[in-house]
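Worksheet for the structure shown next.
The values are calculated or read from the model by the stated rules, or taken from the named source; none is laboratory data. None of these values were measured; they are calculated from a predicted model. Positions of Cβ are generated from backbone atoms using ideal geometry, with glycine treated the same way; all protein chains shown enter the neighbour counts. Just the protein is used for accessible areas: all its heavy atoms, side chains included, with ligands, DNA and RNA removed. Shrake-Rupley method; radii C 1.70, N 1.55, O 1.52, S 1.80 Å.
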Amino acid sequence: MAGIVIIGAQWGDEGKGKITDLLAENADLVIRFQGGNNAGHTIVRDGVKWKFHLIPSGILYPGKPCAIGNGVVIDPKVLTDELDELRAKGIDLSGLKVSANAHLIMPYHMLLDHAGETKLGKLQIGTTRRGIGPAYADKAARLGIRVQDLLDEKILKKKIMAAMEPKRLSLRPYAKSPELDLQSMTEDYLTYGHRIEQYIADTARLTWKYLDAGGDVIFEGAQGTLLDIDHGTYPFVTSSNPVAASAATGTGAGPKDLDEIWGVTKAYATRVGSGPFPTELDDDLGAAMREAGGEYGTTTGRARRVGWMDLVALRYAARLNTLTHLAVTKLDVLSGLGPLRLCTRYQSPNEASFDHFPYHQSVLHRAGGEYEELPGWDEDITDCRSEEELPQSARDYLAYLSDFIGVPIALISVGPGREQVIWTDAGRRTAPFQRAAIA
Ligand code: IMP
């Protein structure tokens, strides 16, 4: 049996979708555990690009059991649109299950997200404006509407009224907005309920079923460790816990069910939205990396901020998540960029140098990077399929990274295609690889 958690080890957008897709092939269940449609996964299969916001990446394997766990917040319009699109393309959705306990994003959550950001002005977080924060806030305030509520008109209406009551003041500017009409909101959500009813399930029991029978379960994370509400760069974070521990709470699995923890990291760094980013490259080189890496958001289309690999932050992520494996993505983007820098320490404006990720917001905001510079390479590496085929400097770059973090690299991605990966020896010893070899 193996529970394999896949999390982002940076600020999100590390390429978790592709890694999940690869490992999902031989898994018995893929389950998402947090976030919502603020996430966006792009998968390239046979030259066709697939974009997912809510549905687990494993869905492209016919009949593959895929679940949306209780820790996810669901916008039912986005979910039903995604289902329609997949169905129209002939994808078999029979394996899909949606937790009855997952919370719903309501129209007022989106309005409040928008209003909150507008009010913050220059101090805004740069949220995806999908209503994620307000939905998790209602969950914590015990005013949330859950998937199971969609199946009972009376309960649904009562809960919507109770949830809207304390928000009356902040929703006043939208009082005439048709989305806030109680009757039509209830009707719309009941319709969503009918449309997803066949998928609603007790996903915790489903997860136990596979784990207890000795199966392999992939726990698919969204966003990244540095966007974690407890351990990330608060308040410039998302409103859930993208760290590995939340794979348990967000699905119902126990902590001991999590056998392998895979951290996905790009070979450099990116972040979307506001907040500290010590290794940011706000120059032509950064722009070149952004273009080479196609660094524009799947969900919002926003240009991502780009920077050098931050090993201080990555080591912090390795510890927080007790990473057992690293998957390094987009190594090909570094080809032809000249010498490469990796941040090994931070420096504060008074020139004090430190090697840990600071807990204090002001310290991090003012920190710059201290770098190790390694030779780059010019070769196109997109066709490399083994470590031996990589240029020596690319291998040295990866070895430096892995040694610094103290976590073995299991696989390296050298292009968007599913076949553009290199499995390392450490990768070949993992549960998913063993499983693939048997299959
Ligand atoms: P929210 O999750 O929409 O509330 O946004 C909060 C912060 O997390 C913002 O800086 C977003 O840009 C960032 N964020 C949310 N989801 C993702 C993601 O999937 N990738 C990268 N950044 C994200």
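If I take all pairs of Cα atoms in the chain, what percentage of them are more than 29 Å from each other? Please report the intermediate quantities before stating the final value.
Numbers: 43802 of 96141 pairs.
Counting every Cα pair in the chain, those more than 29 Å apart make up 46 percent.
For the stretch 1-74 and the stretch 255-333, what is the separation of their Cα centres, given in Å?
The stretch 1-74 and the stretch 255-333 have Cα centres spaced 17 Å from each other.
I need the trypsin sites (Lys or Arg not before Pro) found in the stretch 48-136, filtered to DSSP loop residues with at most 13 other beta carbons within 10 Å of theirs. Intermediate results must be reported in sequence, preceding the final value.
On the way: sites: Lys49, Lys51, Lys77, Arg87, Lys89, Lys97, Lys119, Lys122, Arg129, Arg130; in loops: Lys89, Arg129, Arg130.
Those satisfying the criteria are Lys89.
With +1 on the Cβ of every Lys and Arg and -1 on the Cβ of every Asp and Glu, and nothing else charged, how large is the dipole of the chain about its Cα centre, in debye rounded to the nearest 20?
Details: 48 positive and 57 negative charges, 351 e Å.
Charge dipole of the chain: 1680 debye, to the nearest 20.
Go ahead and estimate [θ] at 222 nm for the chain from helices alone: -39,500 (n - 2.57) per DSSP H run with n ≥ 4, summed, over the residue count, rounded to 500.
Numbers: 15 runs with 142 residues, N = 439.
Roughly -9500 deg cm²/dmol at 222 nm, from the helical runs in the chain.
Where nothing but the Cβ of Lys and Arg (+1) and of Asp and Glu (-1) is charged, how large is the charge dipole of the stretch 103-196 around its Cα centre, in debye to the nearest 20?
Numbers: 16 positive and 11 negative charges, 64 e Å.
It works out to roughly 300 debye.
Nearest 0.05, what FRET efficiency do Leu171 and Asp355 give at R0 = 51 Å with Cβ-Cβ as r? Display every interim value, and only then the final one.
Numbers: r = 47 Å, r/R0 = 0.92.
For R0 = 51 Å, the calculated efficiency reads 0.60.
Find the eigenvalues of the gyration tensor of the Cα atoms of the stretch 200-254, then list the square roots of 5 times those eigenvalues as equivalent ellipsoid semi-axes, largest first, in whole angstrom.
Working: eigenvalues 143, 22, 12 Å².
Equivalent ellipsoid of the stretch 200-254: 27, 10, 8 Å, largest first.
Three principal axis extents, largest first, for the C-alpha atoms of the stretch 103-196, in Å?
42, 24, 23
Computing the accessible area with a 1.4 Å probe over protein heavy atoms, can you report the carbon and sulfur percentage for the chain? All intermediate terms of the calculation are to be shown ahead of the outcome.
Numbers: 9300 of 18170 Å².
Within the chain, the accessible surface is 51 percent carbon and sulfur.
Over 29 Å between C-alpha atoms is what I'm after, so list which of Lys158/Lys256; Lys122/Lys157; Lys18/Lys89; Lys51/Lys157 land there. If you can, show how the numbers build up before the last one.
On the way: Lys158/Lys256 39 Å; Lys122/Lys157 37 Å; Lys18/Lys89 20 Å; Lys51/Lys157 33 Å.
From the list (Lys158/Lys256; Lys122/Lys157; Lys18/Lys89; Lys51/Lys157), the Cα-Cα distance tops 29 Å for Lys158/Lys256; Lys122/Lys157; Lys51/Lys157.
Using all alpha carbons of the stretch 306-439, what is the percent of pairwise distances in each 5 Å bin, ordered from the shortest bin to the longest?
Histogram of Cα-Cα distances, whole percents per bin: 2, 10, 17, 20, 18, 14, 9, 6, 3, 1, 0, 0.
Scan the chain and note any complete DSSP helix (H) whose C-alpha atoms cover at least 24 Å along its axis and whose Kyte-Doolittle average is 1.0 or more. Write down the numbers at each step before the final one.
Numbers: long enough: none.
Helices meeting the criterion: none.
With every protein chain kept in place and ligands, DNA and RNA left out, what is the accessible area per residue of the chain? Probe 1.4 Å, answer in Å².
41
Of Gly121, Ser184, Met161, which is farthest along the charge dipole of the stretch 103-196 in the positive direction, counting Lys and Arg as +1 and Asp and Glu as -1 at C-beta?
Gly121
Among Leu93, Val78, Pro62, pick out the residue whose Cα is farthest towards the positive end of the charge dipole of the stretch 42-125, where Lys and Arg carry +1 and Asp and Glu carry -1 on C-beta, about the Cα centre.
Pro62
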